[in-house]
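Have a look at the structure below, then the notes.
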Amino acid sequence: MPALVTLLSATALTLALPQAVIETSHGAIVVELDEAAAPLSVANFIAHAQAGHFDDGSFYRSVRDDNEREGVAPMNLIQGGHSFDGLAEAEGIAHESTLDTGLSHTRGAISMARDAPGTATTEFFIMVADYPGLDAGPDGRNPDEAGYAVFGEVIEGMDVVERIWMSPTSLDRAPDDFPYPQFMTDPVVIETVRIRNAD
């Protein structure tokens, strides 16, 4: 009986974790949100999802070996959200460093896109392969060494992530000051983001 109780307790804990179901025009991606490690980023994501700010957004950027800038290891990922510029009226959230959360940019990790630390709002990215250079620390890709804030991981739908990742990209849809051909020729629509198991 004790083993059964332990098993039931573990199952209940798993079910209690909030999840985001990202419905796209290519299929659904289910993300488990680590509110214990990254409570501010998770609360922010849930609030925007419940307000409908991601609905009719898109995945618009794919970074691959064939479109990464020269001289750096490619950070294979897809980026999306409300828009590349984020939601204008949204306030940035405090940065949750991977040094504090213990999370890392491994395959399937979801993380907040940002400019300076504390500017993240509605844009996020999902890792297609491990890339610890996006974690905080002196060896990181970003000169400010703060890294990016991981706040969960994909538990279903990595095949969907990979289909999105393989979308054709070019400079045609890129912002004027963005020099790399990483923007999708036809962005993949985020139809809705539903939250389940949230308090």
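Annotations
- Being out of contact with any Asp or Glu (no Cβ under 8 Å at 6 or more places or on another chain) and farther than 24 Å from Glu91 by Cα is a property that does not hold for Asp135.
- Single unsatisfied condition, Gly140 versus (1) under 19 Å from Asn67 (Cβ atoms); (2) touching a Leu at 6+ places or on another chain (Cβ under 8 Å): (1)
- Selected residue (only one of Ile29, Ile46 is open to solvent by 20 Å² or more (accessible area, probe 1.4 Å), under 17 Å from Val154 (Cβ atoms) and of a type outside the set (Asp, Glu)): Ile46
- Of the set (1) out of contact with any helix residue (DSSP H, G or I) (no Cβ under 6 Å at 6 or more places or on another chain); (2) open to solvent by less than 20 Å² (accessible area, probe 1.4 Å); (3) of a type in the set (A, V, I, L, M, F, W, C), all apply to Ala51 but (2).
- Test: residue in region 52-71 that is over 15 Å from the mean Cα position of the chain (by Cα) and β-branched (Val, Ile, Thr): no
The values are calculated or read from the model by the stated rules, or taken from the named source; none is laboratory data. Source: prediction; values computed, not measured. Don't worry about glycine lacking a Cβ; one is built from the backbone with ideal geometry, like all the others, and counts go over all protein chains shown. Surface accessibility is based on the protein's heavy atoms, side chains included, excluding ligands, DNA and RNA. Shrake-Rupley method; radii C 1.70, N 1.55, O 1.52, S 1.80 Å.
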